[in-house]
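**Student:** I have a structure here, written as structure tokens, and I will follow up with some questions on it.
The values are calculated or read from the model by the stated rules, or taken from the named source; none is laboratory data. Quick caveat, the model's predicted, so the values are computed rather than measured. For neighbour counting, all protein chains shown are included, and Cβ atoms are generated from backbone atoms with ideal geometry for every residue, glycine included.
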């Protein structure tokens, strides 16, 4: 079972876990067993809890380039923007 901000995350299919951008994660907690007492019978195999960046004011950018044998070059670019307001916060990820 996967949780995002202490709420159960649903996927489109039971075999596909919900995706969560790595740049937007503050931390990830993994409960391998014994979580069914807290989360119910869905958590018998364990729970992955994603904690997103909270109260982000500003932007974070990441660029990555890797090479491998056979010319398999990989590019990755991501950006996270957040703003904290009086009534809550807004976070956007590209």
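**Student:** Checking residue 18 against (1) surrounded by 10 or more Cβ atoms within 10 Å (Cβ to Cβ); (2) modelled with pLDDT of 70 or more; (3) in contact with a strand residue (DSSP E or B) (Cβ under 6 Å, 6 or more places away or on another chain), which test does it fail?
**Tutor:** (2)
**Student:** I'd like the full set of residues that are without any contact (Cβ under 8 Å) to a residue 24 or more places away in the chain and within 24 Å of residue 27 (Cβ to Cβ), limited to the range 46-80.
**Tutor:** 59, 61, 63, 64, 76, 77
**Student:** Filter the range 67-78 down to the residues that are under 27 Å from residue 56 (Cβ atoms) and surrounded by fewer than 14 Cβ atoms within 10 Å (Cβ to Cβ) and list them by number. Explain how you work it out, then say what you get.
**Tutor:** Restricting attention to the range 67-78, the residues satisfying the condition of being under 27 Å from residue 56 (Cβ atoms) are 74-78.
Within the range 67-78, 74, 75, 76, 77 qualify.
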